[in-house]
1. Show the residue pairs that are 6+ apart or on different chains and have beta-carbon atoms under 9 Å apart, the first residue being within segment 144-156 and within 18 Å of residue 69 (Cβ to Cβ), the second being open to solvent by 80 Å² or more (accessible area, probe 1.4 Å).
2. If you check residue 177 against the conditions, is it modelled with pLDDT of 80 or more and either more than 26 Å from the chain's Cα centre (by Cα) or more than 30 Å from residue 81 (Cβ to Cβ) (or both)?
3. Is it true that residue 12 is under 20 Å from residue 136 (Cβ atoms) and either touching a Gly at 6+ places or on another chain (Cβ under 6 Å) or touching a residue at least 60 places away in the same chain (Cβ under 8 Å) (or both)?
4. Looking only at segment 33-79, how many residues end up being over 25 Å from residue 142 (Cβ atoms), in a helix (DSSP H, G or I) and modelled with pLDDT under 85?
5. Restricting attention to segment 80-97, which residues are at pLDDT 80 or above and open to solvent by less than 50 Å² (accessible area, probe 1.4 Å)?
6. Among residues belonging to segment 1-28 that are surrounded by fewer than 15 Cβ atoms within 10 Å (Cβ to Cβ), closer than 21 Å to residue 63 by Cα and not polar (S, T, N, Q), point out the one that is modelled with the highest pLDDT.
7. Inside segment 123-141, can you point out the residues that are open to solvent by 70 Å² or more (accessible area, probe 1.4 Å) and β-branched (Val, Ile, Thr)?
8. Residues that are open to solvent by 100 Å² or more (accessible area, probe 1.4 Å), in a helix (DSSP H, G or I) and within 29 Å of residue 64 (Cα to Cα): does segment 173-189 have at least one?
Amino acid sequence: MSSDFEGYEQDYSVLSADITGRISRIPKLAADEKKQMVAHVEKQLEEAKELLEQMDLEVREIPAPSRAMYGNRMRSYKQELSKLEVDFKRSRIAYSDEVRNELLGDDGTSSESQRAHLLDNTEKLERSSRRLEAGYQIAVETEQIGQSILENLDHDRGKIQRARERLRETDTNLGKSSRILTGMLRRIIQNRVLIVVLCIFLVFAIGLAIFFSFRGH
């Protein structure tokens, strides 16, 4: 099972490295090329998400002693993918030096207020991206905590079930022991009653013998 995980892991590493390289090239491309690159990276990010989902399923099938180690690796990959998505969003609104100079009008035709307005909008977009990244990270951590709680509950449920089975076995054994002890006690009482009856009979017989002996003399 871990071999399947490692296979997905290698595919994800290659894919994430390719995505990183393409994201870094997006701001330097012309409009048409940039559009094509953006579409390609979006498709690659979807593939990366699917790979992580497959890896997540594999982790759930891994035995508990080794699951924690693979779970840590999954958290690292999810954080990396979250960062790639943020970098991708930033790259889509970023511009190369040539394009920025053209938009800002370094030839003197553009006013300083337009430059400041564009930079302000860029900063707002970056702040929004950071908030989205923080929100996504919180959601991922919440999901991980929920999964950990469910695993602990499942483990505790197994313990409770095993304890109930042992309690049933103990109760059955106690029932058998109680019946055995009751039977033994009944036989002891019967034996004692029989002994008492025999003793009374012997005393009575001895008394009769003595009585008839004295009467004969």
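1. Within 9 Å, the pairs are 144/75; 147/60; 151/60.
2. It is true that residue 177 is modelled with pLDDT of 80 or more and either more than 26 Å from the chain's Cα centre (by Cα) or more than 30 Å from residue 81 (Cβ to Cβ) (or both).
3. yes
4. 1
5. 81, 82, 84, 85, 86, 87, 88, 91
6. Among them, the one singled out is 7.
7. 138 - this is the single residue of segment 123-141 that is open to solvent by 70 Å² or more (accessible area, probe 1.4 Å) and β-branched (Val, Ile, Thr).
8. Looking through segment 173-189, none of the residues is open to solvent by 100 Å² or more (accessible area, probe 1.4 Å), in a helix (DSSP H, G or I) and within 29 Å of residue 64 (Cα to Cα).
The values are calculated or read from the model by the stated rules, or taken from the named source; none is laboratory data. No experiment lies behind these values; they were computed from the predicted model shown. When we count neighbours, we look across all protein chains shown, and the Cβ atoms used for this are built from the backbone with ideal geometry, even at glycine. Accessible surface areas use protein heavy atoms only, side chains included; no ligands, DNA or RNA. Shrake-Rupley method; radii C 1.70, N 1.55, O 1.52, S 1.80 Å.
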